[in-house]
Amino acid sequence: MRRPVVMGNWKLNGSKAMVTELLNGLNTEVAAVEGVDIVIAPPALYIDQAAGLVKEGGNKLILGAQNTDIHNSGAFTGDVSPEMLKDLGASHIIIGHSERREYHEESDEFVAKKFAFLKENGLTPVLCIGESEAQNEAGETEAVVSRQIDAVINHCGIEAFNGAIIAYEPIWAIGTGKAATAEDAQRVHAFIRAHIAKHSKDVAEQVIIQYGGSVKPENALAYFQNPDIDGALVGGASLKADSFAAIAKAAAEAKA
Ligand code: 13P
């Protein structure tokens, strides 16, 4: 049985005051929630502050981050390394988010290097994959997600997916309110798991596959009731303690 993982990607949102308010609220909301890993990915600048607040809440929340470099130190101006993230207490690191693939021109191969470097440093990659609206309409969803996963398999080997997380985020569903139906998401998740199973059944069986894209308290349970949807990567709704907690509770309830 896979333990669900619900992760909040705060993206470029936050201030010292906001971090304090959101995490104090979340600590209270999730104190009694069992059976789900609840992860937050604040902007890198606020991870240290968040770590202190997570500790105050009894470490019920797990700390993550939104990106990493592929070096641990050196002349790489502006970057943040796995070693630094680990030093601050972050374990679950988002890579390959469509916003980075698009605005920073990150290639499948570059994302695969990040995946490998996170594993090397003992961190958990949260690999985002997903198709654009045009690719979806052209019936290319399976081809796109296969290509994105194959880049990692080719670079790191299938065993690298042991303990890793995949987040299926159709780009057209991100921040649009136009979420994929639970049925469509389940179909793609089952395809992703079967694609991995072609290389290793054991790896496919344990890998966490989250859905992301306009997940809200109102639609969360319907996703989690599907066998191959093991959690969610949440953007907008993770910025409010009550809505993010409601999504985490829905995952715990559905997978209990
Ligand atoms: P929204 O939940 O705001 O659609 O964002 C999803 C996302 O991109 C999480 O990484």
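The values are calculated or read from the model by the stated rules, or taken from the named source; none is laboratory data. Computed from a prediction, not measured in an experiment: that's the story for all the values here. Counting neighbours? That spans all protein chains shown, and the Cβs are built from the backbone with ideal geometry, glycine included.
Here VAL33 meets the list (1) part of a loop (DSSP other than H, G, I, E, B); (2) of a type in the set (A, V, I, L, M); (3) more than 18 Å from LYS249 (Cβ to Cβ) almost entirely, failing just condition (3).
Among residues belonging to segment 117-159 that are small (Gly, Ala, Ser) and over 23 Å from ASN9 (Cα atoms), point out the one that is surrounded by the most Cβ atoms within 10 Å (Cβ to Cβ). This residue is ALA151.
Taking the condition among the small types (Gly, Ala, Ser), more than 15 Å from the chain's Cα centre (by Cα) and within 27 Å of SER15 (Cβ to Cβ), does ALA237 pass?
Values: among the small types (Gly, Ala, Ser): yes; more than 15 Å from the chain's Cα centre (by Cα): no; within 27 Å of SER15 (Cβ to Cβ): yes.
Here the answer is no, as ALA237 does not meet what is asked.
Of the candidates ALA164, ALA197, the single residue that is under 19 Å from ASP230 (Cα atoms), in contact (Cβ under 8 Å) with a residue 24 or more places away in the chain and surrounded by 15 or more Cβ atoms within 10 Å (Cβ to Cβ) is ALA164.
The criterion of being surrounded by fewer than 23 Cβ atoms within 10 Å (Cβ to Cβ) and modelled with pLDDT under 95 holds for GLY177. For the residues MET1, MET7, the requirement of being within 16 Å of the ligand (Cβ to nearest atom) and in contact (Cβ under 8 Å) with a residue 12 or more places away in the chain singles out MET7.
Considering VAL54, VAL80, the condition of being in a loop (DSSP other than H, G, I, E, B), among the β-branched types (Val, Ile, Thr), more than 16 Å from the ligand (Cβ to nearest atom) and surrounded by 17 or more Cβ atoms within 10 Å (Cβ to Cβ) is satisfied by VAL80 alone.
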